[in-house]
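In what follows, a single structure is set out as structure tokens and then discussed.
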Amino acid sequence: MKVNFLPSQPYNKPSFGTNAKTYYRNTLTNECFSKDYYSSCIPCKDSCEDDTQKTHASIINSNATWFFRSKPYDWLELCKFLNSKYKNSEPVNIYQFGCSDGSETYTIIMSLLEALHKDSEKYFPIQAYDIDPDIIEKARSKQVCCNLSDISSIDNNTQQGFSKYFSTIAKVTPTSYIASANDILKDKAVFKVKSFLEGLDDIKTKNNIIFCRNFWPYMKDEEAKECFIKMRNLEGNNLFIFGDFDYDMNFRYLYTKCGFEEIFDGVLKKNNLQATMYSDDEIRKMDYHGYFHS
């Protein structure tokens, strides 16, 4: 589907701190509403105006996410970079945490397919996790709500390939559609309910690409610090991908002190600079949310 480019839809950014909320975006009104990070999202039908919208209300109401979200600013170049790091490694496992309704999972899959073609196969299936069972149910449905900005982003990154990857099954507003993932996407991800802290225990192999993007400001202090400790204690050849939302805080200083360095746009790896690293005990004592305001 060819559409004119529209800028990314704005959304209300949540406040930081120990009482941070997860924000859900209604894709019809583009309004955000908050739920506690650890509670389930009950789809809101208040803004649905007709039977088509009500039928697809559980898909329309979703986490604040979208396709091809920035940082990396070039998803295909990211995939080429990752492939250069794992060209002679097999298998390579991709874990994605905070997968939401699958929009970013599909972004990763499409980027790999477009950038690497047949060489992308060794990276599938992606293991995609989210703490919210309702949002995982939506992801497993293989249906997403796309506005014109989403469709444009997909076209711009896939040589006008929206219809290659998705089929529209319902029009819910003049500018929003329910789209179903085509077969080319369907077997390339497995969606699971689990937190980042719990999911890190699933990583047992030595070649892992771990997407942990755009949820760090939401996390509670103790959980976030334990995640950093688990991340740097993982064995093997591991890379961690962070997002633009994470960099709104003084994130570079934080990840440096936890023992990581940035080697590509948003890509971190563990370093061995013991002199500059905090110990596990020092990480547990640091003011994690203080970095949001630095």
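I'd like to check something: does the range 241-258 contain any residue that is assigned to a strand (DSSP E or B) and under 18 Å from the mean Cα position of the chain (by Cα)?
Yes, that holds for at least one residue.
From (1) out of contact with any Gly (no Cβ under 8 Å at 6 or more places or on another chain); (2) surrounded by 18 or more Cβ atoms within 10 Å (Cβ to Cβ), pick out the condition that doesn't hold for LYS118.
(2) is the only condition that LYS118 fails.
Checking ALA224 against (1) under 27 Å from LYS122 (Cβ atoms); (2) part of a helix (DSSP H, G or I), only one condition comes out false. Which one?
(1)
Residue check, PHE191 against (1) closer than 21 Å to ILE108 by Cβ; (2) of a type outside the set (Ser, Thr, Tyr); (3) out of contact with any Asp or Glu (no Cβ under 9 Å at 6 or more places or on another chain), all met but one. Which one?
(3)
If a residue must be among the β-branched types (Val, Ile, Thr) and at pLDDT 95 or above, how many such residues does the range 152-181 contain? Reasoning before the result, please.
We begin by selecting, within the range 152-181, every residue among the β-branched types (Val, Ile, Thr); these are 154, 158, 168-169, 172-173, 175, 178.
Imposing the further condition that a residue be at pLDDT 95 or above reduces the set to 154, 158.
Residues that pass the stated criteria total 2.
The values are calculated or read from the model by the stated rules, or taken from the named source; none is laboratory data. Predicted, not measured: the structure shown is a model, and the values here were computed from it. Cβ: placed from backbone, ideal geometry, glycine included. Neighbour counts: every protein chain shown.
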